[in-house]
Amino acid sequence: MVYTELDPPTRLLLGPGPSNVPPRVLRAMATPVIGHLDPAFLQLMSEVQSLLRYVFRTRNWLTLPISGTGSAGMQAALVNFLEPGDPVLICVNGYFGERMCEMAARLGATVHRLERPWGEVFTPEEVDKALQRHPAKVVAMVHAETSTGALQPLEGMAQVVHKHGALLLVDCVTSLGGVPVLVDDWEVDIAYSGTQKALSCPPGLAPITVGPRAEEVLKQREHKVQSWYLDLTLVQQYWGMERTYHHTAPVSMIYALREALRIVHEEGLERRWARHQRNAELLWEGLQELGLELCVPEPYRLPTLTTVKVPEGVNEAYVRRRLLEDYNIEIAGGLGAWKGKIWRIGLMGFSSRRENVVLLLTALRRILQNPS
Ligand SMILES: *Cc1c(COP(=O)(O)O)cnc(C)c1O
């Protein structure tokens, strides 16, 4: 058996993640590995934390990258703030809200679901009513539902949640670095994300930030956190003042995240949000010109991920295969209830470029002229 040299194809990644990684980030990953307690590394860690505070728009001290993908961020957020028997209200309008319910149930929490059809979003009034019926310790929702392409407005949400004495926990995996995520202004208590979506870093880390209200809840826990690995109090002893060993930091991934965040900082968050919005609008216009129908109404349509209905008589998987094989472009199909019915097109981070939109639209037009 001969194992040939690694030579993956060069793809244009326009799916729900990972997005394309800028060469600068790839170069950062190829620099020498140093010890995870080396003073030089501790300095890099502090820089990563202050850059994360910048992208989350927060002053939260407890802000760090969890070792693991976005789902590890979800798991960390739930396992640290829910104890067995604790009531949690989870807003479900797509696949990732569903995943939160599954995780919370496995932790032994009492899960109350607030449901909306896929593609829709929740109002603070609905959450208020649901909390009157079922008081909860934590209210969890997905900011950017990658399965549906809906952007959950968060203005006014924390006020309602706090009125009932609960914490607001938000999944920002597909929003952070692509659309406004204003943790302090919106008074979000716990937010987590992933590196491979709008931050354009490879998959492998899950930034998380925890506000003072939630830190207090963490201190008041009755039982130890079930997950030793994701116990934020232990992880924070490494990322905080003490810098004591907990688990070995994934050094090369921290290099990558630092470089990806440096790029975000250089561009500036406002300019980056505007770029994502502009390119998404160009895509939406072009798709509609091709006669395609978008799944989510404009007021809460997500710029980082667009969902499109597959027209009658068109083979969904065939179109994606042609895009990949003939044009090296990756997009995705639907998840769960929307499997086979929609395409999901991501314009995240480094992938959100005007020329990519034009290329995708051109390729789609050609394929749809002969769609089988
Ligand atoms: C991708 C995604 C996740 C899970 O992240 P992984 O990196 O795949 O573990 C969680 N929530 C949302 C909204 C996502 O888009």
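Here, each number is a calculation from the coordinates, and none is a lab measurement. Everything numeric here is computed off the predicted structure, so don't read it as measured data. Cβ sites come from the backbone with ideal geometry, for glycine too, and all protein chains shown count toward neighbours.
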Seminar exercise, completed: Label model pair Leu282, Ile34: point-to-point distance (7 angstrom along the Cα→beta-carbon line) in nm is 4.0
Problem set entry | Distance between modelled label sites at Asp326 and Arg213, nm, 7 Å Cα→Cβ extension | 5.3
Exercise. Which order results if Asp184, Asp7 are arranged by neighbouring Cβ count within 10 Å, fewest first?
Worked result: Asp7, Asp184
For this session: Just report the Cα centroid separation between the range 332-372 and the range 48-115, whole Å.
Result: 29
Seminar exercise, completed: What helix-only [θ] at 222 nm does the chain give? Using -39500 (n - 2.57) per DSSP H run of at least 4, over all residues, to the nearest 500, the answer is -12500 deg cm²/dmol
For this session: Divide, for the chain, the radius of gyration over alpha carbons by 2.2 N^0.38 Å, where N is the residue count.
Result: 0.99
Seminar exercise, completed: A chain fully extended from Leu6 to Arg262 at 0.36 nm per residue, minus the present Cα-Cα distance, gains in nm 89.3 nm
Exercise. Between Thr110 and Gln237, what FRET efficiency follows from the Cβ-Cβ distance if R0 is 22 Å, with the result rounded to 0.05?
Worked result: 0.10
Problem set entry | Förster-model FRET efficiency, 35 Å R0, Gln226 and Asp185, C-beta, rounded to 0.05 | 0.60
Exercise. Say the dipole of the chain comes from +1 at the beta carbon of Lys and Arg and -1 at that of Asp and Glu; which of Leu13, Ile66, Pro124 then lies farthest toward its positive end?
Worked result: Leu13
For this session: Using only the alpha carbons, work out the radius of gyration and Dmax of the range 58-185 in angstrom.
Result: 13.6, 37
Exercise. Can you give the charge dipole size of the range 23-265 about its Cα centre, rounded to the nearest 20 debye, using +1 on the beta carbon of Lys and Arg and -1 on the beta carbon of Asp and Glu?
Worked result: 440
Exercise. Given springs between every Cα pair under 10 Å in a Gaussian network model of the chain, which of Thr58, Thr146, Thr304 has the largest fluctuation?
Worked result: Thr58
For this session: May I ask for the distance between the Cα centers of the range 136-162 and the range 292-312, given as a whole number of Å?
Result: 20
Exercise. Based only on Cα atoms, what Rg/Rh ratio does the range 68-143 have, Rh being taken as Kirkwood's radius?
Worked result: 0.95
Problem set entry | Local electrostatic count at Glu266 - Lys and Arg +1, Asp and Glu -1, tallied over other residues with Cβ under 11 Å | +2
